[in-house]
Amino acid sequence: MVKSGTLILSVAARLLMPLQLLFSLFLLLRGHDEPGGGFIAGLVAAGAFALYLFAYGLTATRAMLRVSPRDLVGLGLFLGVLSTLPAWWNGQAFFTAQWWTVPLIDYKFSTPLIFDIGVYLVVLGSVLTAVVALVENDRD
Amino acid sequence: MQLAVLGGFVLAAFAPLLHRWFGERAGLVMALLPAGLALWLFGQLPAVTAGQTLVFEYAWMPGLDITLTFLLDGLSLLFALLISVIGVFILIYAGGYLKGHQDLARFHVVMMGFMMSMLGLVLADNLVAMFVFWELTSITSYLLIGFNHTDPEARKSALQGLFVTVGGGMALMAGLVMLAIAGDSWSLQALTDKGEILREHGLYLPMLLCVLGGAFTKSAQFPFHFWLPNAMAAPTPVSAYLHSATMVKAGIYLLARLQPSLGGTEAWVTILSLVGALTMVTGAFLALRHTGIKKVLAYSTVMALGTLTMLLGIGTEEALIAFATFLLAHSLYKGALFMVAGILDHETGTKDIAAMGGLRKAMPISAICAAVAALSLGGIIPLLGFIGKELMLESVLHAERFSNLLLIMSVAAAIMTLAAAAIVALRPFFGARRETPKPPHEGPSTMLTGPVILAGLSLVFGVLPSLVSPLVMSTATSVHGSAVESYLSLWHGVNLPLILSLISLVVGLLIYRHWERWRGWQAQLDPILNRGPEAAYFQFMNLVVVVAEWQTRMLQNGYIRNYLVMTLLILVGLTGHALVFRHDFDLDVALDVRIHEALVAGLMVAGAVTACIMRSRLASVAAVGTMGFCIALTFVLFSAPDLGITQLLVETLTVILLILVLFRLPRFATLSTPLERVRDVVVALATGSLITLLILAVISGEQLPSISEYMVANSVPLGHGHNIVNVILVDFRALDTLGEIFVLALAAIGVYAMLRFHADEYDAAKQRLPHEEYLDG
Amino acid sequence: MRPEVALPILIPLMAGSISLLFWRLRLAQRLIAVGGTGALLLTSLWLLVSVSHDGILVMQMGDWPAPFGISLVADLFGAIMVVLTGIIGFAVAVYSLATTGRGHEAFGYFPLMHLLLAGVAGAFLTGDIFNLYVWFEVMLVASFALLILGSEKAQMEGAIKYVTLNLLSSVIFLSAVGLLYGMVGTLNMADIAQRLSRVDESGLIDVLAVMFMVAFGIKAAAFPLFFWLPASYHTPPVAVSALFAGLLTKVGVYALFRVFTLIFHQSPSYTHEILLWGAGLTMLSGVLGAAAQFEFRRILSFHIVSQIGYMILGLALFTPLAIIGGVFYIMHHIIVKTNLFLVSGVVNRLCGSYDLKKLGGLYRTHPWLSILFLVPALSLAGMPPLSGFFAKFIVIRAGIEAGAYGVTFIALLVGLLTLYSMIKIWAEVFWKVPPEPDERESEEEESSIAPIRQREMWQLYAPIVGLALCTLFIGLNGQPIYELAAASADQLLDPSRYIDAVMSNNGERSP
Amino acid sequence: MEPLMAVVIGILYATAIYMMLRRSIVKLVIGLMLLSNAANLLIFTSAGMTRGAPPLIPEGASEPLGQVADPLPQALVLTAIVIAFGVLSFAVVLIRRAYEIVKADDLDKMKDTDT
């Protein structure tokens, strides 16, 4: 069931995937103001990769991901913990939000955003880790 | 003082090192410590006999009223002297007895530890500190009894001794705590003055019983006497030291120490004198039943311990003098006899008296020692044992209660003891020469030093009682609580005790002559004797195991649904009980439902119920999915869009996951019986109703305003976000979210490891592929 | 800003995530394991020193004033628990270096260990009831993953029971939190305590109290909710068992102590009476469970249950001395129990079995190991002058002073039976002559027992010696430990100090 | 609505528990899923339910226009959903591995580790 999907599935996956990924980024970034956020966005992105996995198989997905999903988990967790620390620099309690405005595009960049990106990566990585392991196990 | 004792423990720890340095003579080096202590104690004699009490204070855990204060009065001085002096001889003796034994170093570690514990026990003024040493003697004696640990019998006996004494120790602990509460002090010295308060206290009887529980088990009083003869599995130096002179007397020491605080009441007098007398007779009687020389001696020790307890029970001034004298006499002759027994065992290769005979030629010094010590044991003039026995009979005659009964029992015990003394001293050395497993010869000087000196002292003190009179009197003073003015003498003239002694001498020798017949007669009692307290001990131990196994079968039976049912019943039972009895139900809820909401709720329930009853796996999963989507819809309907989306995504993923996994699993089968299903339905409904009631109780009661008002107000100004839920997640309560992503990551690692890593296959694969290729599949 | 309040959580979280990033580098993982747990130990000591100097420390996470954000609170009790976490974490990390298989290391053993410690430390430090739930879950899922690491049959069977019952407990806890929030509208424990005193429906409070009691009772493995523990603790690699044995149930005990001193102390005659019964039955049934066993780690597992009873007894009696006893007991028990499991691991390493019937003769061949077993074993049985004696003594003294004779009797009896179990292990494993193995079996076993290398020797023995020294220290010089326990009991019995510390420490934020 | 939901949640708990008490491991895991869903609903319900007022603040405003639903329980439930998702996926894979290793679907056959 895993190696190759139907034609429709592969075409859909190829077309949908970039859209889904873009949509997930959109959900991530607007999450602070509208429904969305790191968790939902991460799930959507994971769904995109999962679809690709079912359509093109493990090797192709691996190649496309480049990094092991486990590393995404590690990175996300690391970012999550890291985002608590800048406050320490300012002598504030951990987790105190720090806001910086990016000069050119007038985008407000903040530690909660870093945190949310961490969440995003962890969700994406975790789901993929589990799915890849399941698929691999089936293949064995 | 404290330093000497604590230093002894340190010395014990270094025993292996000493063995490396001094080899075989390490025991002699170690004996220097108790020898020094003994000398120091002798130095304190004049002050103590003059009526002084020396106190050496040292704080330990003041928060818990635990101090390491040592106290030196007549009683503790007598005990401390016995412990250190006999300890010196035992260390010397053990060097000969265990010569070349591979574990001699370990023996010295434990022996030294025991000696110091015993010293601490008799010197400590604080109840807790005393108890600490008390338990230490139990533990070290366990290690000593089980010294020959490869022998199952030794292990069994060691466990028995430990279990009985520590069991008593538990009671003692409770008793001491009650004592301290009642007397409002943890100091033995202070409690001595509070006798009246203690005896009037409401806790007096439980306190007394608990303390006696500790003392009686330690000192092998009936019905706990059985462990002592079994403890003879220990090497002889241990028996000589622990089971005659020191450890078993710890209980006696405790009783004597508490006599001024707790003694004198009706309960005290009744229990102590009757139990003591019973123990005395039992010990003497059973001594004649055995042919193993150590067993005979062990039972005669039981007899002596009973006598001492009885004397404390009688509690008159006279009785306490008798107590002190008897105590001293017994320690001297019993130590000597045991050491001689060890020589016999060591040099002839047998412990069976019946197999020995006529050894006096081969072992003249041992024979003399044995004879002298046995005369003291038998209570024959002019030895110290004689004085002790005369005083004992005298005080029994004048006892305030049970005088006649006690007298009969005492004489009976005296008769049998005399027979026992004759058996151990005459049988092996006199009469016809018998073949022994090893050709007999005299023991080495290290082994003879102890018996010669101890037996000699029995004689010297007997002839010249004035030498020990001050010490005995000051001991009696400590026990009595007020000054005792008297002195010891060998000859009291012809009186009733002397006549009774003569009678017992004659009858005892008669029994000795007809020992074989006597044993035959005793053997007929075996069926009764075999049902004694020892059988009860084994039954108790079996009972523990049986109950344990039964309980494990009942509770920890491996059926997960039993675990769940039990847990849920507890939940429903406790919470339900609280809900019914602690809470006034006042259901006041308005039902405001719109039709589409009711539909969604109905579908939710239908989904859940369908999931339960469906026989098909796929249908069941689909039903769960339906329910999940209804929940998502509910979230959306009630103003929680983020929740709705999340629930939708998660539900989808879960269903996919379930289907992926279900592929590999078999179809549902009906496994439970109808009855089980009924039970499960009942449990399920009970839990469900409880939850419903709880929610109703909460929503119909007072609901305080939520802290989220602050979050609503500050989400934009302080949190810079318009989605309040998201601001809560990444800012107000970011720590929750941090934890949450770690949960997710952990679950992923768990899943990954579970699927990809199987330890057994891994090990096999690693051998095939030396490089870590397997790791990443 | 006192970073030491949060660092015991953040350090293992950081160590865990970095360790995860270095998934393939065995050496890096091992270094981080020792370094991370070592840092945890140091910061926890720092925290304890700070707390005993400056009183209860609070950090409002995100600088949100209490009760709106999440407060981390370190009172003495919490700080003590964190120090114990550090000690056990460090000891087990070192021990793991020698005992963990390469496969386990390659599949996330060390990251899981760090995150387990983070969950435990988080539970000890959080002042927020929902956050407590989150840390419980972190700890729980980490323990799930550690429990199944290796996927052996016994592990799977044990894990199913462990997972199911613990999830049930989590759900009960979560439901209780939901209901409580519905009632008082707040999650900060200090705030809950404050608001509950204003609610007049004391009956409903008792109901919720009982619900929390059941949820935490499962975590703490109290009677009759302990089934998951003996079913699973003997199945994973021994270092994991040791970690679990020391810390996991104690988190449940900690939670009981926390909520029943801070929040639910309105009607002790009802709630603490239930606890008293629970304590007595837990002691008894745990020790009886052990008496029927003949497997090293199973005996130890059942004894965890029975010892939990003593701790709960301290809470249930609810007198100052009893609380001191409970705290003291926890401190002593965590060290001793972990150590016994570590010893069992060495025995297994030497003889290739945990079955008492197949073991023997170690007293002759490994005298030092025998002593290292005797110290924690006798301490567990409450023999003086080791830590366990004083722990038991305080509890029993408190019991008698409170007039609770029945349960005190049980406590004494259980002490005796504990000694019986420990002596059983001693006699079978150390004193007995080793049994002649079957020919077939012996071949198999000999191939599986690898000789211990010099460096491994250190890694195996150093933690055991260290923990044994702790036991001896508490026993021989118990006064400072007693004072610590007394001071923390003082704080526990006066919740207003905790509440004041949390509610007054408000880092006001400006936009 | 809350009283109705109280009854619904009660039923969900009951079905969950019933499923957990079955001998099949698949049913056990379905029971766990039902149970965690029910608990989430419980939190959502017992704090009070509000119709049509999501806790969102319009662009430009600094406070919501009217009374909005309590956002805090929503955040709690969100966290709880995610945690439950993680735990349940673990449980699902666990039962699958258990089945592969023990080779039985029957929980009664998995009792070697006790007694």
Residues satisfying the stated conditions in segment A:28-39, i.e. closer than 9 Å to residue A:120 by Cβ and among the hydrophobic types (A, V, I, L, M, F, W, C): A:28, A:39
Being hydrophobic (A, V, I, L, M, F, W, C), more than 18 Å from residue B:334 (Cα to Cα), surrounded by fewer than 23 Cβ atoms within 10 Å (Cβ to Cβ) and touching a residue at least 12 places away in the same chain (Cβ under 8 Å) is the requirement here; does residue B:275 meet it? yes
Identify, by number, the condition in (1) of a type outside the set (Phe, Trp, Tyr); (2) more than 9 Å from chain B (Cβ to nearest Cβ); (3) surrounded by fewer than 24 Cβ atoms within 10 Å (Cβ to Cβ) that residue C:152 doesn't meet. (2)
Only residues that are among the hydrophobic types (A, V, I, L, M, F, W, C) and open to solvent by less than 20 Å² (accessible area, probe 1.4 Å): list them for segment C:8-41, please. C:9, C:10, C:13, C:15, C:20, C:23, C:33, C:40
Would you confirm, using the coordinates I've provided, whether residue C:302 is within 19 Å of the chain's Cα centre (by Cα), modelled with pLDDT of 95 or more, buried (at least 23 other Cβ atoms within 10 Å of the Cβ) and not in a loop (DSSP other than H, G, I, E, B)? no
Got a sec? Which of D:104, D:16 is more than 7 Å from every other protein chain (Cβ to nearest Cβ), assigned to a helix (DSSP H, G or I) and within 30 Å of residue B:552 (Cβ to Cβ)? D:16
Is at least one residue of segment B:553-563 surrounded by 19 or more Cβ atoms within 10 Å (Cβ to Cβ) and touching a residue at least 40 places away in the same chain (Cβ under 8 Å)? yes
If you go through segment C:170-192, how many residues are of a type in the set (A, V, I, L, M, F, W, C) and more than 24 Å from residue B:710 (Cα to Cα)? 3
Would you check which residues across segment B:570-617 are open to solvent by less than 80 Å² (accessible area, probe 1.4 Å) and in contact (Cβ under 8 Å) with a residue 60 or more places away in the chain and list them? B:571, B:572, B:575, B:576, B:579, B:583, B:589
Would a scan of segment C:352-375 turn up a residue that is touching a residue at least 24 places away in the same chain (Cβ under 8 Å), closer than 18 Å to residue C:298 by Cα and crowded, with 24+ Cβ neighbours inside 10 Å? yes
How many residues are aliphatic (A, V, I, L, M), touching a Ser or Thr at 6+ places or on another chain (Cβ under 8 Å) and buried (at least 24 other Cβ atoms within 10 Å of the Cβ) when one looks only at segment A:94-123? 2
Out of everything in segment C:259-274 that is in a helix (DSSP H, G or I) and open to solvent by less than 10 Å² (accessible area, probe 1.4 Å), what residue ends up being nearest to the other protein chains (Cβ to nearest Cβ)? C:271
For segment B:643-690 the number of residues that are hydroxyl-bearing (Ser, Thr, Tyr) and within 23 Å of residue D:45 (Cβ to Cβ) is 4
Given the options A:81, A:44, name the one that is more than 14 Å from chain C (Cβ to nearest Cβ) and either β-branched (Val, Ile, Thr) or over 27 Å from residue C:14 (Cα atoms) (or both). A:44
Hey, can you tell me all the residues within segment D:49-93 that are within 27 Å of residue B:717 (Cβ to Cβ), more than 7 Å from chain B (Cβ to nearest Cβ) and buried (at least 24 other Cβ atoms within 10 Å of the Cβ)? D:73, D:76
What is the residue count in segment A:70-100 for residues that are under 18 Å from residue A:28 (Cα atoms) and among the β-branched types (Val, Ile, Thr)? 1
Residues (of a type in the set (Ser, Thr, Tyr) and either surrounded by 22 or more Cβ atoms within 10 Å (Cβ to Cβ) or modelled with pLDDT of 90 or more (or both)) located in segment B:378-423: B:395, B:410, B:417
Hey, can you tell me all the residues within segment B:635-672 that are more than 7 Å from chain D (Cβ to nearest Cβ) and among the hydroxyl-bearing types (Ser, Thr, Tyr)? B:652, B:670
How many of the residues making up segment C:163-211 are hydroxyl-bearing (Ser, Thr, Tyr), at the interface with chain D (Cβ under 10 Å from one of its Cβ atoms) and either in a helix (DSSP H, G or I) or without any contact (Cβ under 8 Å) to a residue 12 or more places away in the chain (or both)? 4
Sort out which residues of segment A:60-78 are out of contact with any helix residue (DSSP H, G or I) (no Cβ under 7 Å at 6 or more places or on another chain) and either within 20 Å of residue B:753 (Cα to Cα) or within 14 Å of chain C (Cβ to nearest Cβ) (or both), and write them in order of number. A:62, A:67, A:68
Quick check, is residue B:605 at pLDDT 90 or above, within 7 Å of another protein chain (Cβ to nearest Cβ) and within 21 Å of residue D:27 (Cα to Cα)? yes
So which residues in segment B:723-741 are in contact with a Leu (Cβ under 6 Å, 6 or more places away or on another chain) and of a type outside the set (Val, Ile, Thr), if there are any at all? B:723
For residues that are at the interface with chain D (Cβ under 8 Å from one of its Cβ atoms), among the small types (Gly, Ala, Ser) and open to solvent by 30 Å² or more (accessible area, probe 1.4 Å), tally how many sit in segment B:673-712. 1
Go through B:191, B:143, B:172, B:136 for me and flag whichever is open to solvent by 10 Å² or more (accessible area, probe 1.4 Å) and either in contact with a Gly (Cβ under 8 Å, 6 or more places away or on another chain) or modelled with pLDDT of 95 or more (or both). B:136
Taking the criterion of being more than 22 Å from residue A:123 (Cβ to Cβ) and modelled with pLDDT under 85, would at least one residue in segment D:65-79 satisfy it? yes
Whichever residue in segment B:546-595 is within 11 Å of chain D (Cβ to nearest Cβ) and more than 49 Å from the chain's Cα centre (by Cα) and, among such residues, is modelled with the highest pLDDT: B:594
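Results for (1) touching a Phe, Trp or Tyr at 6+ places or on another chain (Cβ under 9 Å); (2) touching a residue at least 12 places away in the same chain (Cβ under 8 Å), shown as yes or no for each residue.
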residue: A:86; (1), (2): no, yes
residue: A:89; (1), (2): no, no
residue: A:98; (1), (2): yes, yes
residue: A:101; (1), (2): yes, no
residue: A:123; (1), (2): yes, yes
If we keep just the residues of segment C:392-406 that are out of contact with any Pro (no Cβ under 9 Å at 6 or more places or on another chain) and more than 17 Å from residue B:65 (Cα to Cα), which is surrounded by the fewest Cβ atoms within 10 Å (Cβ to Cβ)? C:403
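The values are calculated or read from the model by the stated rules, or taken from the named source; none is laboratory data. Note that the coordinates shown come from a computational prediction; the quantities given were computed from them, not determined experimentally. No Cβ is skipped: glycine too gets one built from the backbone with ideal geometry, and neighbour counts run over all protein chains shown. Heavy atoms of the whole protein, side chains included, go into the accessibility calculation; ligands, DNA and RNA do not. Shrake-Rupley method; radii C 1.70, N 1.55, O 1.52, S 1.80 Å.
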